[in-house]
Amino acid sequence: MTRPAPALLPVSAAALSADPRLLEAVREYGRAHGYDYLDDTAVRRGLAEHRAALHRTAHGAPVWAASLVGTAGLAWLLWAALSGPGNIALAVVPPALLLVLAVAAFVRVHRQGRRQLRHPFLEGYRHVLAAALAHGVPVAVVPAWLTGRGGGDIEVAPLPPYTAPAGGPAPARRPQTPVGTAAPLPARTAAVKEYERIAERGGWHDEAGWVLVVAGALGVGYAVTRDTPAAYAAVLLTVLGIWTWLAGHRLGRRRAELAAEARRYVDELARAQAAGTAVPELSPPLRKLFDSRL
């Protein structure tokens, strides 16, 4: 039975120890924040605990309750607008209060999440990653949750700018190449490369298919009602829409198959990292795949 792979760390202790200046900076951050960032097991456990806490905050009972209260308030206002009750105060004040409560609950959850992101352990670790990047040490991935990055590019807690200890000069940035040879890095198979190539494709097939099918149906309807045989050619749009759906389905199925291979590749990287080898930076498709697993 194959042992499950450990979680992939953004950067391992072996990589952090490759540069004496970086090593001293990491130790300094550890002393300042009260954590040992050179203990991979402790760091892996700490990241998992804080990630789980943030997930509970973002998807816990308060969020569901606020959503239900807000939905009830909107439904009440809609009912009041459609039924036109005589008592305006009764129709507007209670749902308005419900909406205010829902907004207040969402604001409270948002502030709680920001406080959790500012935990000393996470603050210090973001400094560690900034220092690693400044020294040219390969950072496999900066998890989206660690910097509070949601669907867009805005980060609630971005990596801080790196300042050399004791006001010394900033280190010269080296090419990000793997260091350490405790275990060989797994090879990127053809399946992984294909996944990286097609991972960003698609996403428009469903919308385009619907537009083409609706346009074809309207064209056929026009042909029937206006007795215009030439308009029956619009049925080709319906056929094209169905073909677009099928193409999107095939692409999605192929992408899912390749994603399994890509996950295995990331797991193999994690095993090599746990054995003491620094891993290179993940490609953008693999970074998104990594974030989706969290």
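The values are calculated or read from the model by the stated rules, or taken from the named source; none is laboratory data. Fair warning: this is a prediction, and the values are worked out from it, not measured in the lab. Note that we place each Cβ from the backbone using ideal geometry, even for glycine, and neighbour counts take in every protein chain shown. These area figures cover heavy atoms from the full protein model, side chains too; ligands, DNA and RNA do not enter into them. Shrake-Rupley method; radii C 1.70, N 1.55, O 1.52, S 1.80 Å.
Across segment 61-78, coupling constants 3J(HN,Hα) worked out from phi with the 6.51/-1.76/1.60 Karplus curve, θ = phi - 60°, read 4, x, 5, 5, 5, 4, 5, 5, 5, x, 5, 4, x, 5, 4, 4, 5, 5 Hz, and Gly and Pro carry x.
Label sites at VAL93 and ALA215, each approximated as a point 7 angstrom past Cα along Cα to Cβ, lie 5.4 nm apart.
Think of a 1.4 Å ball rolled over the protein heavy atoms: segment 185-294 then has 58 Å² of accessible area per residue. Approximating the spin labels as points 7 Å out from Cα along Cα→Cβ, the HIS249-to-GLU155 distance works out to 4.1 nm.
Here the spin labels are modelled as points 7 Å beyond Cα on the Cα-Cβ line, and at ARG114 and ALA53 they lie 1.8 nm apart. Rounded to the nearest 500, the helix-only mean residue ellipticity at 222 nm of the chain stands at -21500 deg cm²/dmol, with each DSSP H run of n ≥ 4 adding -39,500 (n - 2.57).
With all protein chains in place and a 1.4 Å probe, the accessible surface of segment 1-151 carries 66 percent carbon and sulfur. With the convex hull of the Cα atoms taken as the outline of the chain, the averaged projected area works out to 24.7 nm². Our summary gives the chain a relative contact order of 25 percent, counting only alpha carbon pairs under 8 angstrom and 6 or more residues apart. Taking the Kirkwood radius as Rh and the Cα radius of gyration as Rg, segment 229-294 has a ratio of Rg/Rh equal to 1.36. Report the FRET efficiency, 1/(1 + (r/R0)^6), for ALA65 and ASP206, where r is their Cβ-Cβ distance and R0 is 25 Å, rounded to 0.05. About 0.20, to the nearest 0.05. Find out how many positive minus negative residues lie around VAL213, taking Lys and Arg as positive, Asp and Glu as negative, among other residues whose Cβ is under 12 Å from that of VAL213. Taking every other residue near VAL213 into account, the sum is -2. For the chain, the longest principal axis of the Cα atoms and the long axis of helix 235-274 meet at an angle of about 20 degrees. For segment 127-133, backbone phi angles converted through the Karplus equation (6.51, -1.76, 1.60; θ = phi - 60°) give residue-by-residue couplings of 5, 4, 5, 5, 5, 4, 5 Hz, Gly and Pro being listed as x.
Simple point charges give the picture: +1 on the Cβ of Lys and Arg, -1 on the Cβ of Asp and Glu, and for the chain a dipole about the Cα centre of about 280 debye. Backbone amide hydrogens, once placed in the peptide plane, bring LEU8 within less than 5 Å of nothing, excluding anything fewer than 5 places away on its chain.
The string of couplings for segment 19-33 from the Karplus curve (6.51, -1.76, 1.60, θ = phi - 60°) is 10, x, 5, 5, 4, 5, 5, 5, 4, 5, 5, x, 5, 5, 9 Hz, one whole number per residue in order, with x for Gly and Pro.
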